[in-house]
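Participant: Sharing a structure here in C-alpha cells format.
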Amino acid sequence: MEPTTMEPQPALSPTAIQVMAPGPVPPTPNRAAARKPQPLPMRILHLVSSLRVTVVLFLMSMVIVFFGTLAQKEMSNIDVVSKYFRSAYVLIPFRVLSFFTLDPKAAANSWVLPFPGGWTLGTLLLINLLTAHALRFKMSWKKSGVVILHFGILLMMLGEVITGHYAHEGMLVMSQGETVNYLQRSGELELAITDVTDPDRKEDDIVAVYDSALARGGKISDKELPFDLNVVKFLRNSELRRWKEGDPPPLADTGRGKDISAIEKPAVQGTNTEKQTDVSTIVVELKDKATGKSLGTRVSSMWLDPEKLEYQGKTYEISLRNRREYRPFFMRLNKAEEKKQPNMEMAKDYSSWVQLIVPQRKEDREVHIYMNTPLRYGGETFFQANMSQNPDTGVYTTGLQVVRNPGWILPYLSCILVALGMLIHFGIHLVGFVTRRVA
Amino acid sequence: MNAKIFFPAFVVCAAAIYLTAAYLPPADADDAMQIQRFAAIPVQESGRIMPFDTFARVRLLVLGHKEWVADVEHDKEDKAILDKDGQVVEGRPMSQSAWALDTMLKKEPTFDRRFIRIDNDQVLAWLQLNANRHGLRFSINEFRDNKNLKDEIERLREVGSEKDNMHDAKVEDIMQKITIVSRMMGMDDPHMIPLSAKARDGQGIRDVPWLSFRAAMKEDAALENPTADQKALVLVRNILAAYDAGKVKQFNSSVDAYRVYLNTLDPTLLSHTVVEVRSNHFAPFYQCCILFGFVFLLGCVSWMVWSEPLANAAFALGVFTVIVYTIALGVRIWISGYAPVTNLYSSAIFIGWGAAILCLGLERIIRNGIGSVLAAITAFLALIVAINLVDGDTMGKLVAVLESNFWLSTHVTCVTFGYMATFVAGFLGVTYVLLGVLTNKLRGESGVMLVKVTYGVVCFATLLSFVGTVLGGIWADQSWGRFWGWDPKENGALLIVIWNAIILHARWGGLVKSRGVALLAIGGNIVTSWSWFGVNLLGVGLHNYGFMKGVFTTLVVFAIANLAIIAIGLIPQRQWASFMPQRPQEPRRPNDAHGSVTPQLKPA
C-alpha cells in the first residue's frame, strides 16, 4: 500500500514501456483501493489526504508568497505579513495582481481577488499531511526518511505559529551614559501623559493611550487625569514644518502647535531599503472632566520633544512616542564603537558595552554586544541592531533589538530533521539506482 | 593508437598550450619602463588592498563600461596625431596601469583617449557628439569645452537633479565621471600610501585607511608627526616623477626599490597583488567561457559523426576546464579572504562552477554526451551573466552584518548550490523537450535515463535549497532575532523550495510522468531566475536604473523562452521525433545502423 512509490515511472511512450516494463504494468494500489466502493467519509478522507491536494495547496502557497512579495512594493513588511501570511484570507488588490501598471485613477483599483491567507493554507497543508500519514503511510525503513522530514516540516510550521502568536519584539535605544529600563515597540505608539509636578519623584506616574485607541479617534477618558482627551487628527506618517502665511491653518490652537503645520506622508513600504520608519503626529483636544469645557487643541509628534502643560496646580508632560514596555532591570551604555571598512563609509562592525543593572538581584556587570553576538538575558535576546553618532557632540546612540520568541529552537530542530529525512530518503533512492545500474 | 584516447588527449593538450600562451604576461621590453612590475603596487580601494592594475581596470569599467582602453597615436611631444577628418587615430589596447599613470600625471594623450561612455542618444546630440561611434566612448577633449554641458552642470549644482528625469540623470552621470577623472588628476585617488607603524598603532596594515598621494604630500608639509609612511611616500614620489619625466632607468629602479621596501613592511601585500595582476591579465573566467564553447561544439558534433572520440574529447576538455575554473575560484577566495559567494557576480561564477561539475558528473552516469554539452551550456551562460554583472570591484568588502565567513560559507553557499541544481534540472528538462521533439536520441533507454537523472537532480535541489533557506533563517535568528520575516529575498528562496517540492509530490502522486517532470523542471528555471534577480527589481529606483532595466529585459526574455519550450513540450508525444511509433521496417536509417546516433547505455 504505497502510492507514494519512489520508482520513477516509465515514460508515457509505448516504446519506453516496451523497453522498461516487459510485463504488464501492475495497477497502483491506490487506484485498486479506489475501485472498491467505500463509505463516503473514507472517500472524503482519501481525497483530503491525496497528493493531488498537496500539489494544489503548494501551488496556492506559491501564489500567496509571490503576491505577498509584490505587495511589499507599496505596503510595509509588517502589514503584508499580517494581511497575507498571518491571516485566514486576504483580498489581493488588482493593482498587485497587475504588477502595479494600473493608472491610479482606474476603476480596477477597487477590484480585489479573495484568496486564502497563510494561516488557512498552512492549516490545510497540515491536515493533508496528518491524514496522509494516518491513512497511507505504513511504517517501513524505506519510508523512515519521509516520516522524519515531514515531522521536521511540522515543527517548522509550529514554530511559525508560535512566533506569530507569542513572539515579542522591541527596541532598546540608549545614548552614551543614559540609563534605560524600557523597550520601545517599533510600529506601535502610545500617547503618554506623565505627571511631572514633583521634580524629586522616584517613579513616573504615566497614563498611556495606545495605538488602536488613537487611530479610532473620539473621546478618551481616564480617572487619573483631570481632563479628557479627544483625538482630532492622527497622521500615521508625517512631516512637520513651521507654519507660514498661505499654508493650511496650523495644527492646533494652543501651545506650540500654533506655529506648526503638518503634511501627511504615505506609510513606509516593505521594500524600502533606507530603513525608514513612520513618524506619527497627533492633534488632541483637552476637555475639563467636570465641565466639559475645551482647554484647546494641542499637537504631539514623534518629531518633537514632549510638551509641558499646567493644569489645576499640576504639571503634565504630553508626548507621542513608541509604546514602552518596562523591565525590572536597567541598562546603561558605557561605550559604543563603530568600525568602518578602511577608506569607506561602509560599517564593518558595531559594538556596544552595556552596564546591566538588576537591583533585585544586586547584579551589576558590563556586557559586550556586537554584530552576530547578542546578549541573552531573562528569556530575551538583545541584538546589536543600529547605531548613530550625533555629528555635533560625537555622542553615540545604540539601538538593541530585543526579542522574546519561545519557539526559537524549533527551526533549528526542524532544519536538522528535514535535512536528515531527505538524506535518508534520497539516499535510499540513490543507492537503489546505483545498485540497479551495476546489476 | 586508439582514437578514443588519443583524440581527447590531443584536445586537452591543445587547450593547455592555448592557456599557457594566454597566461604569459605581456613582457615590457628590457629597455622600456617595467609597467607590469609597477602594476602590482598595492593600493587601497573598496576597503581592501588591491594592485594598482585592478584599480585602473575598475576605474575604466566605471568610466567606460570596459576594462581596457585603446591608446591613441601620438608624436614625440605627446601630441595626438589626427587623421584627415581631424579625428585621433586609435591604436592597440594599452596597459591599464599606464593609462592610470598618464591620467594622474595629466599627460597629454590621456585627454584624447576615448574612455568615457555616454550612452543616451539625446544627450549625445545635445553635446554634439557622434552617436554612431562604436562603443559610445568619448575622450575628455571631445566635450570638455562644451558650453551646453558647462551650463547644465552649473544648473544642476544649483538646483539639484530631479528624480525620474532621464536628462538630469545622464548629466549627473557625466558629472560623476568627470569627478572620478579629476580626483585621479588631483592625485586624490588611489589611496596608495600606507600608514607609518606609529600611526597604525598595532593595527594591521590592511585595516587602517591609507592616504592618497596628495593627502600624504600635504601632510608632510603641515605636520610634525605625519601619519604617512615617509619612506613609502618618497619612493612613490620617485616613481611618479620618473614616469612623468619619461626616465626609464630611474622609473624601473624606483619601482624595484619600492617593491623591496613593501616586502619589508608586509610580504603578503605583494604576494597577493602579484597573483591578482596575473589573474586580471589571464581573465580565467573568460578563458573558461571560450573552452566551454569548444566543449559544446565537440559534444554536439559527436552526435553526428565520430561519436566516441568526440564525446570523450568533450568530456575530457570539460574536466580540464573545470580544473582551471576551480583554480580560478580558489585564487579569488584566497585574495578576497571571503567564502566564495559575496555578491551577485560571485554567485553567478559559483553557479557556473557547480553546474559544470554536476553536469559532468551526470555525464559519467548517462554517457551520451548530453552531460558534457549541458555542462558547457550552463557554465557558459552563468559566466556570461557574471561577466555582464561586473560594474566595479568584484571582491569588495561587505557590510557589517554579512561580515561572517561562517554563515557566508554555509547558508550562502548552500542556497547558491540550490539555485544551481534547480537550474541544472531545468536545463535537463529543456534538453528532454528539444532532443525529444527534434531528434530520435531519446528513443528507448536514453530518454528514461534522462528523466531519472532530472528527477535525481530535483531531489538534490530540494535538499540544498531547503537547507540553505533554513540556514539563512537561522543566521537571521542569530543576528537579529528573527527567524523568518517574509521579506522579498526570503520569499524568493521559499518559492524555489516549494516549486521543487511540487515536482517531487506531483511525481510521487502520479500526477505527472516523465514529460511532466521535465516540463515542471523547466518551470524551475523561471522561479529560480525570479528569486536570483527578480526580487532585486522590486527596489527599482534605489538601484542603478540602467543596470536594472537591462536585467529586467533579460529576465523577461528568459522567462518567455522557457515558457515557449514548455509549450513545445506540450505537443502530444506521439508527434515527438523520439517517440513516434516506430514502423517495423524503416527504409533507411544509416546512423542507427552504426549505433552512433542513439548512444546505448553501457554497463558500468
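Participant: Would you confirm whether any residue within segment A:361-368 is of a type in the set (Lys, Arg), within 28 Å of the chain's Cα centre (by Cα) and part of a strand (DSSP E or B)?
Facilitator: No; the residues of segment A:361-368 include none that is of a type in the set (Lys, Arg), within 28 Å of the chain's Cα centre (by Cα) and part of a strand (DSSP E or B).
Participant: Just the residues that are touching a Phe, Trp or Tyr at 6+ places or on another chain (Cβ under 7 Å) and more than 9 Å from every other protein chain (Cβ to nearest Cβ), please, taken from segment B:456-467.
Facilitator: Matches in segment B:456-467: B:LEU464 only.
Participant: May I pose another question? Out of all the residues in segment A:373-391, is one or more of a type in the set (Phe, Trp, Tyr) and more than 17 Å from A:MET171 (Cβ to Cβ)?
Facilitator: No - not one qualifying residue is present in segment A:373-391.
Participant: Being open to solvent by less than 40 Å² (accessible area, probe 1.4 Å) and in contact with a Lys or Arg (Cβ under 9 Å, 6 or more places away or on another chain) is the filter here; which residues of segment A:311-321 pass it?
Facilitator: Across segment A:311-321, the qualifying residues are A:THR315, A:TYR316, A:ILE318.
Participant: What tally of residues in segment A:356-387 results from selecting those that are free of Cβ contacts under 8 Å to residues at least 60 places away in the same chain and open to solvent by 30 Å² or more (accessible area, probe 1.4 Å)?
Facilitator: Looking only at that region, the number is 17.
Participant: If a residue must be of a type outside the set (Asp, Glu) and either crowded, with 18+ Cβ neighbours inside 10 Å or in contact with a His (Cβ under 7 Å, 6 or more places away or on another chain) (or both), how many such residues does segment A:280-308 contain?
Facilitator: 13
Participant: Continuing with the same structure: Quick test of your reading of the structure: B:GLY444 fulfils all but one of (1) open to solvent by 10 Å² or more (accessible area, probe 1.4 Å); (2) at the interface with another protein chain (Cβ under 7 Å from one of its Cβ atoms); (3) at pLDDT 90 or above. Name the failing condition by number.
Facilitator: The single condition B:GLY444 does not satisfy is (3).
Participant: Applying the selection to segment A:92-117, what residues are part of a loop (DSSP other than H, G, I, E, B) and surrounded by 12 or more Cβ atoms within 10 Å (Cβ to Cβ)?
Facilitator: Listed by number, the residues that qualify are A:SER98, A:PHE100, A:LEU102, A:ALA106, A:TRP111, A:GLY117.
Participant: Residues that are surrounded by fewer than 21 Cβ atoms within 10 Å (Cβ to Cβ), modelled with pLDDT of 85 or more and hydrophobic (A, V, I, L, M, F, W, C), at least 2 per element: which helices (runs of 4 or more DSSP H) completely within segment A:34-91 meet that?
Facilitator: Fully inside segment A:34-91 and qualifying: A:40-48, A:51-70.
Participant: Same structure, new question: Restrict the check to segment A:131-140 and report whether at least one residue is within 11 Å of chain B (Cβ to nearest Cβ) and either within 30 Å of A:VAL418 (Cα to Cα) or touching a strand residue (DSSP E or B) at 6+ places or on another chain (Cβ under 7 Å) (or both).
Facilitator: Scanning segment A:131-140 turns up at least one residue that is within 11 Å of chain B (Cβ to nearest Cβ) and either within 30 Å of A:VAL418 (Cα to Cα) or touching a strand residue (DSSP E or B) at 6+ places or on another chain (Cβ under 7 Å) (or both).
For (1) in contact with a Gly (Cβ under 8 Å, 6 or more places away or on another chain); (2) under 22 Å from B:VAL535 (Cβ atoms); (3) modelled with pLDDT of 80 or more; (4) aliphatic (A, V, I, L, M), each residue gets a yes or a no:
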position: A:ARG95; (1), (2), (3), (4): no, yes, yes, no
position: A:PHE99; (1), (2), (3), (4): no, yes, no, no
position: A:ASP103; (1), (2), (3), (4): no, no, no, no
position: A:ASN109; (1), (2), (3), (4): no, no, no, no
position: A:PRO114; (1), (2), (3), (4): no, no, yes, no
position: A:GLY122; (1), (2), (3), (4): no, no, yes, no
position: A:LEU126; (1), (2), (3), (4): no, no, yes, yes
position: A:LEU130; (1), (2), (3), (4): no, no, yes, yes
position: A:LYS143; (1), (2), (3), (4): no, no, yes, no
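Participant: If the requirement is being touching an Asp or Glu at 6+ places or on another chain (Cβ under 8 Å), basic (Lys, Arg) and at pLDDT below 90, which of these qualifies: A:ARG185, A:ARG216?
Facilitator: A:ARG185
Participant: How many residues does segment B:487-518 contain that are among the hydrophobic types (A, V, I, L, M, F, W, C) and under 30 Å from the mean Cα position of the chain (by Cα)?
Facilitator: Within segment B:487-518, residues that are among the hydrophobic types (A, V, I, L, M, F, W, C) and under 30 Å from the mean Cα position of the chain (by Cα) number 8.
Participant: Would you mention how many residues in segment A:195-211 are free of Cβ contacts under 8 Å to residues at least 60 places away in the same chain, open to solvent by less than 80 Å² (accessible area, probe 1.4 Å) and not acidic (Asp, Glu)?
Facilitator: 3
Participant: Find the residue count for segment A:333-348, including only residues that are assigned to a strand (DSSP E or B) and crowded, with 17+ Cβ neighbours inside 10 Å.
Facilitator: 4
To keep it simple, each residue is scored yes or no on (1) touching a Phe, Trp or Tyr at 6+ places or on another chain (Cβ under 8 Å); (2) open to solvent by 80 Å² or more (accessible area, probe 1.4 Å); (3) more than 9 Å from chain B (Cβ to nearest Cβ).
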{"position": "A:ASP392", "(1), (2), (3)": "no, yes, yes"}
{"position": "A:THR397", "(1), (2), (3)": "no, no, yes"}
{"position": "A:GLN401", "(1), (2), (3)": "yes, no, no"}
{"position": "A:ASN405", "(1), (2), (3)": "yes, no, no"}
{"position": "A:PRO411", "(1), (2), (3)": "yes, no, no"}
{"position": "A:VAL418", "(1), (2), (3)": "yes, no, no"}
{"position": "A:LEU423", "(1), (2), (3)": "no, yes, no"}
{"position": "A:HIS429", "(1), (2), (3)": "no, no, no"}
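Participant: Still on this structure: Give all pairs with beta carbons closer than 9 Å in which a residue from segment A:408-421 that is part of a helix (DSSP H, G or I) meets a residue that is surrounded by fewer than 19 Cβ atoms within 10 Å (Cβ to Cβ) and of a type in the set (S, T, N, Q); count only pairs at least 6 apart in sequence or on separate chains.
Facilitator: The qualifying pairs are A:GLY421/A:SER144.
Participant: Residues in segment B:141-148: is at least one in contact (Cβ under 8 Å) with a residue 24 or more places away in the chain, assigned to a helix (DSSP H, G or I) and either of a type in the set (S, T, N, Q) or within 21 Å of A:ASN343 (Cα to Cα) (or both)?
Facilitator: Yes, segment B:141-148 has at least one match.
Participant: Something else: Going residue by residue through segment A:353-368, is there one that turns out to be facing chain B (nearest Cβ under 8 Å) and out of contact with any helix residue (DSSP H, G or I) (no Cβ under 6 Å at 6 or more places or on another chain)?
Facilitator: No, segment A:353-368 contains no residue that is facing chain B (nearest Cβ under 8 Å) and out of contact with any helix residue (DSSP H, G or I) (no Cβ under 6 Å at 6 or more places or on another chain).
Participant: Return yes when A:PHE85 is among the aromatic types (Phe, Trp, Tyr), under 30 Å from A:ILE162 (Cβ atoms) and either touching a residue at least 60 places away in the same chain (Cβ under 8 Å) or facing chain B (nearest Cβ under 7 Å) (or both) and no when it is not.
Facilitator: Judged against the criteria, A:PHE85 is a match.
Participant: B:VAL453 passes all but one of (1) facing chain A (nearest Cβ under 10 Å); (2) among the aliphatic types (A, V, I, L, M); (3) within 20 Å of B:LEU495 (Cβ to Cβ); which number fails?
Facilitator: Of (1) facing chain A (nearest Cβ under 10 Å); (2) among the aliphatic types (A, V, I, L, M); (3) within 20 Å of B:LEU495 (Cβ to Cβ), only one is false for B:VAL453: (3).
Participant: Given the residues B:LEU398, B:LEU408, B:LEU402, which is the only one that is under 23 Å from the mean Cα position of the chain (by Cα), more than 9 Å from chain A (Cβ to nearest Cβ) and more than 26 Å from A:PHE85 (Cβ to Cβ)?
Facilitator: Unique residue meeting the criteria: B:LEU408.
Participant: Which of the residues that make up segment B:487-521 are facing another protein chain (nearest Cβ under 7 Å), free of Cβ contacts under 8 Å to residues at least 12 places away in the same chain and not hydrophobic (A, V, I, L, M, F, W, C)?
Facilitator: B:ASP487, B:HIS505, B:GLY509, B:GLY510, B:LYS513
Participant: Determine which member of the set A:ILE162, A:ILE148, A:ILE127 is under 23 Å from A:ARG52 (Cβ atoms) and either touching a Ser or Thr at 6+ places or on another chain (Cβ under 9 Å) or in contact (Cβ under 8 Å) with a residue 24 or more places away in the chain (or both).
Facilitator: Only one candidate qualifies: A:ILE127.
Participant: Output the number of the condition that A:THR381 fails; it satisfies all remaining conditions of (1) of a type in the set (Val, Ile, Thr); (2) out of contact with any His (no Cβ under 9 Å at 6 or more places or on another chain); (3) not in a strand (DSSP E or B).
Facilitator: Failed condition: (3).
The values are calculated or read from the model by the stated rules, or taken from the named source; none is laboratory data. Here the structure is a predicted model, which means the values were calculated and not measured. Positions of Cβ are generated from backbone atoms using ideal geometry, with glycine treated the same way; all protein chains shown enter the neighbour counts. Please note that ligands, DNA and RNA were not included when accessible areas were found on the heavy atoms of the full protein model with its side chains. Shrake-Rupley method; radii C 1.70, N 1.55, O 1.52, S 1.80 Å.
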